[in-house]
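First up is the structure itself, then whatever we jot down about it.
The values are calculated or read from the model by the stated rules, or taken from the named source; none is laboratory data. Every value quoted in this text rests on a predicted model; they were computed, and no experiment measured them. Counting neighbours? That spans all protein chains shown, and the Cβs are built from the backbone with ideal geometry, glycine included. Calculation scope for accessible area: heavy atoms of the full protein, side chains included, ligands and nucleic acids excluded. Shrake-Rupley method; radii C 1.70, N 1.55, O 1.52, S 1.80 Å.
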Amino acid sequence: MSVAAVILKSLNDHLLLSSLVGNLFPKRTKELKSVVHSAPGWKLFGKVPPRENLQKTSKIIQQEYEARTGRTCKVPPQSSRRKNFEFEPLSTTALILEDRPSNLPAKSVEEALRHRQEYDEMVAEAKKREIKEAHKRKRIMKERFKQEESIASAMVIWINEILPNWEVMRSTRRVRELWWQGLPPSVRGKVWSLAVGNELNITPELYEIFLSRARERWKSFSETSSDSDIEGLSVADREASLELIKLDISRTFPSLYIFQKGGPYHDVLHSVLGAYTCYRPDVGYVQGMSFIAAVLILNLEEADAFIAFANLLNKPCQLAFFRVDHSMMLKYFATFEVFFEENLSKLFLHFKIFTLYSKSLPLDLACRVWDVFCRDGEEFLFRTGLGILRLYEDILLQMDFIHIAQFLTKLPEDITSEKLFSCIAAIQMQNSTKKWTQVFASVTKDVKEGDKNCSPALKS
């Protein structure tokens, strides 16, 4: 008889007993109490209200069983027992080890022994799970402690040695290797700002000017426009409008609940994006920008986040994609294709990079990618794309194009930095003797000369 059969049979016995005495939980009289006290208490999953002198401990039940069968059972100490079983030990003990009520047929010796064996197996399995989970918790804590020690050590180096001598040390081998391991959160914003730079010479005062203009436009827009007006706009007009920002913010890292209306960073994100649309009306707001701005806001003060955001989007690669410059986009796709074919010959897919992976990757891992992107520039975006494709190559080869696109839009949450960066490190950004910049220059030259047959991407 299986454990499930034992439980069902015991439940049936219990229901039969209930029908004999009346209701399931009747008001107790003195006569009824004497009957109940002489019968075992049925502690089904700990749901029966506590009653005086009714419940037996597992130790008492064990002693009664040993006295009845003449067997001595070695039970693990109470302190080592698992506290959160799927089946509570007390309940399974009650169901398996207790005798049936006196008015029902008693268990045979064989049945009692079989029930005891099933109970022992259940406890043994629970102990195995307990030990396995304890080892897992210990391993996680050890890794976390090691990571915290590494971050603390790196933070001291960044603050005391690298940042004070930024221009001299930023390109040294030691700093680049330390950079690859990920930046300590306390210095991440500062390093990002220095790495992105401020070629546009934007000041906090200039940010305030464009923010004021954005607020004026919001005010006038809310007074003269309605939702029906927005729905009637073309896609280009909507993306250039400030109202679209409100719609997109609600979809930015929704699981964090910090950028949505009422969240601590809602107004800040709204301000940075609004000010940018006034600063760069030729670009306006494009869907996906909110994720880039959000990551910056989490690591920088508001004005500094705007400065980094505007300068980052002014880089050739980002500007080409956000302005939908088809000519430049084709050049980037063609260059990407060269290294794609070099590293992953079995897989073919153009990987979107609109959001710098802040939307498709978990936030902490996206920040790690940003760390090295700030170090290596646009080349690392494409290298990361190839690393992701390498990581999931076997899975992607079994999918059609639609499912590949859906999969890559939001990658699995269990992706780890160790696995991803191991795959990224395995990607060689060198074709024959040419590096990324040389290949890109060669593609640009071919396009200018009208030779569009060097890559399938340029044929489209």
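Within the set of pairs 6+ apart or on separate chains, which have a first residue in region 101-125 that is in contact (Cβ under 8 Å) with a residue 24 or more places away in the chain, a second that is exposed (fewer than 11 other Cβ atoms within 10 Å of the Cβ), and C-beta atoms under 7 Å apart?
N103/L20
Looking at region 419-435, can you tell me whether even one residue there is more than 21 Å from the chain's Cα centre (by Cα), hydroxyl-bearing (S, T, Y) and modelled with pLDDT under 80?
Of the residues in region 419-435, the ones more than 21 Å from the chain's Cα centre (by Cα) are 425-435.
Next, only the ones that are hydroxyl-bearing (S, T, Y) stay: 432-433.
Among the residues that remain, those that are also modelled with pLDDT under 80 are: 432-433.
Yes, because at least one residue in region 419-435 is more than 21 Å from the chain's Cα centre (by Cα), hydroxyl-bearing (S, T, Y) and modelled with pLDDT under 80.
So, in region 188-220, how many residues would count as being outside any loop (DSSP other than H, G, I, E, B), under 16 Å from V272 (Cβ atoms) and open to solvent by 20 Å² or more (accessible area, probe 1.4 Å)?
The first filter runs over region 188-220 and keeps only residues outside any loop (DSSP other than H, G, I, E, B), leaving 188-196, 204-220.
Then keep just the ones that are under 16 Å from V272 (Cβ atoms); that gives 189, 192-193, 196, 204-215, 217-218.
Subset that is open to solvent by 20 Å² or more (accessible area, probe 1.4 Å): 193, 204-206, 208-210, 212-213, 215, 217-218.
Residues in region 188-220 being outside any loop (DSSP other than H, G, I, E, B), under 16 Å from V272 (Cβ atoms) and open to solvent by 20 Å² or more (accessible area, probe 1.4 Å): 12 in total.
Give the residue, chosen from V156, V175, that is over 23 Å from the mean Cα position of the chain (by Cα) and buried (at least 17 other Cβ atoms within 10 Å of the Cβ). Working first, answer last.
Values: V156 fails: buried (at least 17 other Cβ atoms within 10 Å of the Cβ).
Result: V175 is the single residue among V156, V175 that is over 23 Å from the mean Cα position of the chain (by Cα) and buried (at least 17 other Cβ atoms within 10 Å of the Cβ).
With the structure loaded, tell me whether P316 is at pLDDT 85 or above and over 21 Å from V196 (Cα atoms) or whether it fails that test.
Values: at pLDDT 85 or above: yes; over 21 Å from V196 (Cα atoms): no.
The answer is no for P316.
Do you know which residues across region 410-448 are within 24 Å of E393 (Cβ to Cβ), in a loop (DSSP other than H, G, I, E, B) and open to solvent by 100 Å² or more (accessible area, probe 1.4 Å)?
K410, E413, D414, Q428
Could you identify the single residue in K107, K127 that is over 30 Å from G284 (Cα atoms), at pLDDT below 90, open to solvent by 30 Å² or more (accessible area, probe 1.4 Å) and not aromatic (F, W, Y)? Show your work before the answer.
Values: K127 fails: at pLDDT below 90.
That would be K107, the only listed residue that is over 30 Å from G284 (Cα atoms), at pLDDT below 90, open to solvent by 30 Å² or more (accessible area, probe 1.4 Å) and not aromatic (F, W, Y).
Does E301 count as open to solvent by 30 Å² or more (accessible area, probe 1.4 Å), at pLDDT 90 or above and of a type in the set (D, E)? Even if it seems obvious, please write down each step before you answer.
On the way: open to solvent by 30 Å² or more (accessible area, probe 1.4 Å): yes; at pLDDT 90 or above: yes; of a type in the set (D, E): yes.
Answer is yes for this residue.
Got a sec? Which of F407, F382 is open to solvent by less than 50 Å² (accessible area, probe 1.4 Å), assigned to a helix (DSSP H, G or I), at pLDDT below 85 and over 22 Å from W192 (Cβ atoms)? Can you show your working first?
Details: F382 fails: over 22 Å from W192 (Cβ atoms).
The unique qualifying residue is F407.
So which of F306, F333 is touching a residue at least 24 places away in the same chain (Cβ under 8 Å), crowded, with 18+ Cβ neighbours inside 10 Å and closer than 23 Å to E199 by Cα? First the steps, then the outcome.
Numbers: F333 fails: closer than 23 Å to E199 by Cα.
Of F306, F333, the one residue that is touching a residue at least 24 places away in the same chain (Cβ under 8 Å), crowded, with 18+ Cβ neighbours inside 10 Å and closer than 23 Å to E199 by Cα is F306.
Can you find a residue in region 84-96 that is at pLDDT 60 or above and of a type in the set (D, E, K, R)?
If we filter region 84-96 for residues that are at pLDDT 60 or above, which is where we start, we get none.
Among the residues of region 84-96, not one is at pLDDT 60 or above and of a type in the set (D, E, K, R), which makes the answer no.
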